[in-house]
Amino acid sequence: MSAPPIDRAEAERLDVANPLRGLRAAFEIPEAEPIYLDGNSLGRLPKATLERLTGLIRDEWGRDVVRGWDAWIDLPGRTGDKIASAFLGAGPGEVVIGDSTTVNLYRLADAALQARRDRHVILASAGEFPTDRYVLQGLAEARGLELRLLEPDRVAGLQVADLVGSVGPETALVCLSLVDYRSGAWADMAAITAAVHEVGGLVLWDCSHAVGSVPIDLEGSGADLAVGCTYKYLNGGPGAPAFLYVRRELQDRLRQPIQGWFGQRDQFAMGHPYDPVPGIGRYLVGTPPVMAMTAVEASVDLLARTGIGALREKSVALTEYLIRLWRTSLEPLGVTLGSPVDPDRRGGHVGLRHPDAYRIDRALNERANVRCDFRAPDVIRLAPVAAYTRFVDVWDAMDRLRRLLESGESLEMPGELTRVT
Ligand SMILES: Cc1ncc(COP(=O)(O)O)c(C=O)c1O
């Protein structure tokens with residue numbers, strides 16, 4: 001077995017020098033392993049969340065019971081405003097949380113298609129996260145539209161140039177991820193939005209892998225619509241409610257397809273017919289999951305105190321370090337980089353590609369105690385999350401990966417996919 005080309009002591013020095021070194025203590029982290037590099041799938045539990053949820057259950061639900069709604073009713077908008085100002089570059093009254101990213105994507109895409117019903121093309125990327133493609137496919141079938149899937153470069157992701165010749169007066173909606181779930185490629189939101197606006201289309205951004213990992217400026221970029229997960233970099237917990245954003249001047253012009261009572265004017269007048277409130281409130285649907293939303297708010301409060309600027313700075317340092325380690329110890333072993341080299345075009349995770357990626361990922365998880373995941377056909381995703389990952393974690397994970405490859409141990413792993421990868 002060869003010696004690691006970069007010394008672990010350097011990682012230790014980087015940890016000591018990093019201004020966010022203390023933030024890790026705000027999370028529940030078991031003393032022992034594993035090394036956790038899967039925070040882009042499910043973020044870690046903040047200690048503050050545990051306290052807030054315990055208080056909510058005992059003191060609010062337990063004591064106040066139904067009167068708790070006097071305060072809970074504002075959670076979707078209040079938490080939405082906090083995410084908007086801390087992470088999305090959006091204003092108050094432009095974001096709410098509720099439902100899943102899939103459901104929000106469906107509702108906003110449908111609203112956009114209704115507003116552009118004189119046009120017949122929806123554009124997306126063939127490499128887009130599956131749920132987005134499935135939702136768009138269903139909408140296209142239901143409305144008799146054409147879903148056009150572009151084939152951008154797998155590593156660099158969609159560029160404005162890819163849109164030229166693809167968008168036109170027939171384009172109703174373009175739906176794209178801001179940070180690609182596999183490669184981590186960070187799209188140019190302002191330039192792409194401008195190109196679609198030029199032909200009169202609307203753009204819906206899926207910010208699931210971007211929120212909390214890169215600075216986002218929805219207002220400054222002229223974005224129309226956006227959705228995203230809160231259980232990844234925002235650490236809202238498994239299945240945490242997603243956010244949705246509608247640009248202020250579009251809010252009353254669009255009509256979402258689910259007319260629920262939480263969007264109704266004078267909700268408790270129980271009136272008829274449906275008459276939605278003005279503003280972002282009309283994008284609410286039904287009773288919000290209070291416990292799940294409280295968990296999102298607790299974590300957002302914690303991260304907002306650090307700020308996306310500092311989080312991003314550490315994130316870039318971590319992924320740059322990971323890529324340096326890849327270059328010196330893994331590239332010679334046949335592993336290629338599946339993410340953009342330029343940190344200004346890369347989100348918070350790094351994809352490493354190998355023809356045997358699935359078995360290597362399994363060996364990392366099951367033999368080497370490194371939590372990371374596999375995305376078909378050949379990508380191992382590694383997410384060193386700024387809030388709680390240390391440089392030594394990156395060093396140790398990459399060293400274990402190098403050892404697995406050198407020993408050939410991953411070849412002993414079964415090749416059939418597990419239920420969750
Ligand atoms: C880009 C993207 N969109 C959507 C989702 C999932 O949405 P949902 O929470 O509705 O399952 C994911 C999950 O990883 C994702 O990466």
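Any read-out appearing in this document is the output of simple, stated calculations on the displayed coordinates, not a laboratory observation. Just so you know, these numbers come straight off a predicted model, no measurement behind them. Cβ placement follows ideal geometry from the backbone for every residue including glycine, while neighbour counts extend to all protein chains displayed.
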>> Out of everything in region 121-141 that is in contact with a Lys or Arg (Cβ under 8 Å, 6 or more places away or on another chain) and of a type in the set (V, I, T), what residue ends up being nearest to the ligand (Cβ to nearest atom)?
In response: I122
> Residues of region 258-284 being surrounded by fewer than 14 Cβ atoms within 10 Å (Cβ to Cβ) and in a loop (DSSP other than H, G, I, E, B), which ones?
Replying inline: R265, D266, M270, G271, H272, P273, Y274, D275, P278
> For residues in region 390-421 being assigned to a loop (DSSP other than H, G, I, E, B) and of a type in the set (S, T, N, Q), which is surrounded by the fewest Cβ atoms within 10 Å (Cβ to Cβ)?
Replying inline: T418
>> Could you check region 100-135 and list, in sequence order, the residues that are of a type in the set (D, E) and either part of a helix (DSSP H, G or I) or within 9 Å of V227 (Cβ to Cβ) (or both)?
In response: D110, D132
> Which of the residues spanning region 126-160 are without any contact (Cβ under 8 Å) to a residue 40 or more places away in the chain, surrounded by 14 or more Cβ atoms within 10 Å (Cβ to Cβ) and small (G, A, S)?
Replying inline: G138, A140
>> Just the residues that are within 21 Å of D118 (Cβ to Cβ) and not aliphatic (A, V, I, L, M), please, taken from region 142-173.
In response: R143, G144, E146, R148, S166, G168, P169, E170, T171
>> Only one of D153, D118, D110, D162 is of a type in the set (D, E), within 16 Å of the ligand (Cβ to nearest atom) and out of contact with any His (no Cβ under 9 Å at 6 or more places or on another chain). Can you tell me which?
In response: D110
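This table checks each residue for (1) within 13 Å of the ligand (Cβ to nearest atom); (2) on the phi < 0 side of the Ramachandran plot; (3) crowded, with 23+ Cβ neighbours inside 10 Å.
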| residue | (1), (2), (3) |
| --- | --- |
| W69 | no, yes, no |
| R78 | no, yes, no |
| G91 | no, yes, no |
| D99 | yes, no, yes |
| N104 | yes, yes, yes |
>> Any residue that is within 22 Å of R327 (Cβ to Cβ), polar (S, T, N, Q) and touching a residue at least 40 places away in the same chain (Cβ under 8 Å) - is there at least one of those in region 405-417?
In response: yes
> Within the group A387, A363, A368, which residue is in contact with a helix residue (DSSP H, G or I) (Cβ under 8 Å, 6 or more places away or on another chain), in a helix (DSSP H, G or I) and crowded, with 18+ Cβ neighbours inside 10 Å?
Replying inline: A363
>> Among the residues of region 31-39, are any touching a Lys or Arg at 6+ places or on another chain (Cβ under 8 Å) and of a type in the set (A, V, I, L, M)?
In response: yes
> Only one of (1) touching a residue at least 60 places away in the same chain (Cβ under 8 Å); (2) more than 15 Å from the ligand (Cβ to nearest atom); (3) touching an Asp or Glu at 6+ places or on another chain (Cβ under 9 Å); (4) among the small types (G, A, S) is not met by S41, so which one is it?
Replying inline: (2)
